Amino acid sequence: MAPVEVPNVLRRTDPSKSPAPMVFDSPHTGLLFPADFRPAIPLEHCERVADWFVEELFRAAPDHGAILVEALFRRAYIDPNRSERDLDLSMIEPGWPDPVDLTEKTARGASLIWKMIDGQIPIYDRTLSVAEVRNRIETYWQPYHTALKAALDETYARFGTVFHVDCHSMPEFGDPRWGDQGKRRADFIVGTRDGTTASPAFTEVVVETLRASGYSVSLNGKFKGVELIRRYAHPATRREALQIEVNRGVYMDETTLTRSERFGATQAAITRMIAALERFTRDAAG
Ligand SMILES: [Zn+2]
C-alpha cells in the first residue's frame with residue numbers, strides 16, 4: 001500500500017501483503033529541521049545526530065507483513081526515543097508546568113530536547129520558551145507516539161499479540177561517554193532492557209538469523225533500548241519489543257556519510273532476519 005504521511009512528521013507504510021503481527025519503527029532517520037529550531041551552531045553538527053539509511057536497511061518489512069513507521073523530523077529537534085518528561089529544565093525559561101523525570105541521558109545532553117552534540121557542543125545560545133517546547137512535543141513527538149501506538153494496538157487487536165522492532169544505528173567505535181572508547185562494537189546490538197521487553201524466543205530469532213549471515217551480535221550491554229520499547233512492551237500480555245542497533249561500520253562510511261560497499265549485503269541479511277521474524281510471528285499468533 002502507498003505510505004500515509006503526516007507531512008513533516010511521520011510516514012506509515014502498511015503491509016504490501018497479508019499482515020503479520022509485526023511493527024517496525026525508525027525514529028531517528030528524519031531529515032527535516034523545522035523553522036523554529038534556531039540552533040546556535042551550524043546545522044551540519046546537528047545533522048550528524050541521526051541513524052543514517054536505517055529506514056532503507058529495514059525497507060523490506062512491509063513486504064513481509066509488517067507496518068513500518070518512520071519519523072520525518074530530525075532527532076536533534078526533538079527525540080521520539082525519550083519520555084516527554086525527560087526534559088532538562090536548565091534549557092527552558094522558568095515556569096515549565098508539567099512533571100519531569102530526569103534520566104541518565106540528561107547528563108549527556110541527550111534528553112527529550114538535546115542540549116549538546118556529542119555531550120560537549122551546546123546546541124543553543126538561548127533558553128527555549130515554554131511555548132516552543134510544548135509545540136515540539138505536541139506537533140512532532142506526540143503524533144509519532146500516537147501513530148506507533150495505533151499501529152501496535154491495531155495489530156494486537158487483530159492477532160492477540162504484537163512484536164515491535166525499534167530500528168537504530170550506532171557509531172562503529174566506542175567513545176569515552178559510553179566507557180568503550182576506541183573499541184569496535186559488535187555488528188549488531190539487540191536490546192531488550194535486560195530481557196524485560198521481549199521473550200527469549202523472539203530475541204533468539206533476531207540474534208541467530210543475523211549470526212547465521214556472519215555478523216557478530218551482542219545483547220543489551222550499553223544499548224539496552226530506551227523509551228520506545230520501554231513504553232509499549234508488556235510481554236506478560238503478549239506485547240513484545242526489542243531494539244536493534246546496526247553498527248554503521250557494516251553499511252556506511254561515517255566520514256563521508258554515504259553508503260559503503262557493504263550496504264547491500266547488510267540490507268540482504270536484515271531482510272533475511274525480517275523473513276524469519278515473519279515466520280516466527282505468524283506461528284506465535286497461531
Ligand atoms: Zn537511534
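A few notes on this one:
- Listed values for segment 215-228 are Karplus-derived 3J(HN,Hα) couplings in whole Hz (6.51 cos²θ - 1.76 cosθ + 1.60, θ = phi - 60°), namely 9, 7, 9, 10, 10, 6, x, 7, 10, 8, x, 10, 5, 5, and x replaces Gly and Pro.
- Backbone amide hydrogens, once placed in the peptide plane, bring PHE24 within less than 5 Å of ILE67, LEU68, VAL69, VAL165, excluding anything fewer than 5 places away on its chain.
- Altogether, the Stokes-Einstein calculation at 10 °C and 1.306 mPa s, with the Kirkwood radius of the chain over Cα pairs as Rh, returns a diffusion coefficient of 82 µm²/s.
- Note on the chain: with a GNM built from Cα contacts shorter than 10 Å, the maximum mean-square fluctuation among GLY95, GLY195, GLY214 falls on GLY95.
- Pairwise label distance in nanometres, SER90 with VAL130, each label 7 Å out on the Cα-Cβ vector: 2.2 nm
- Cα-based shape type of segment 1-145, given that a ≥ b ≥ c are square roots of the gyration tensor eigenvalues and the cut on a/c is 1.5: prolate
- Rg then Dmax, both in Å and based on the Cα atoms of segment 11-90: 15.1, 49.
- Taking only protein heavy atoms and a 1.4 Å probe, the accessible area of the chain is 54% carbon and sulfur.
- Per-residue packing, averaged as other Cβ atoms within 10 Å, sorts the ranges 156-162, 39-45, 82-88 into the order 82-88, 156-162, 39-45, beginning with the highest.
- Scaling the Cα radius of gyration of segment 226-286 by the globular reference 2.2 N^0.38 Å produces a ratio of 1.48.
- Helix-only CD estimate at 222 nm, as mean residue ellipticity for the chain, using -39500 (n - 2.57) per DSSP H run (n ≥ 4): -8000 deg cm²/dmol
- Positive-end ranking of VAL100, GLY30, VAL190 along the dipole of the chain, with charges on Cβ about the Cα centre, is headed by VAL190.
- Dividing the radius of gyration of the alpha carbons in segment 85-236 by their Kirkwood radius gives 1.01 for Rg/Rh.
- With a Förster radius of 35 Å applied to the beta-carbon distance between ARG231 and ASP180, the computed FRET efficiency rounds to 0.85.
- About its Cα centre, segment 63-197 has a charge dipole of approximately 160 debye under the convention of +1 per Lys or Arg Cβ and -1 per Asp or Glu Cβ, with nothing else charged.
- Diffusion coefficient of segment 155-214 by Stokes-Einstein, Kirkwood radius over Cα pairs, 20 °C, 1.002 mPa s: 155 µm²/s.
- Angstrom value of the Kirkwood radius, inverse mean 1/r, which spans all Cα pairs in segment 49-107: 14.3 Å
- If only the Cβ of Lys and Arg carry +1 and only the Cβ of Asp and Glu carry -1, the dipole of segment 50-89 around its Cα centre is close to 60 debye.
- Put a plus charge on the Cβ of each Lys and Arg, a minus charge on the Cβ of each Asp and Glu, and nothing anywhere else: the dipole of the chain about its Cα centre is then about 400 debye.
- Estimated FRET transfer efficiency when R0 is 41 angstrom, pair MET116-ARG262 (beta carbons, to 0.05): 0.85
- Residues of segment 208-280: accessible area per residue with a 1.4 Å probe, Å²: 45 Å²
- Here segment 138-177 has an Rg and Dmax of 15.4, 45 Å, counting Cα atoms alone.
The values are calculated or read from the model by the stated rules, or taken from the named source; none is laboratory data. Being a predicted model, the structure only gives us computed values, none of them experimental. Note: ideal-geometry Cβ built from the backbone for every residue, glycine included; neighbour counts use all protein chains shown. What goes into the accessible areas is simple: the full protein's heavy atoms, side chains included, and nothing from ligands, DNA or RNA. Shrake-Rupley method; radii C 1.70, N 1.55, O 1.52, S 1.80 Å.
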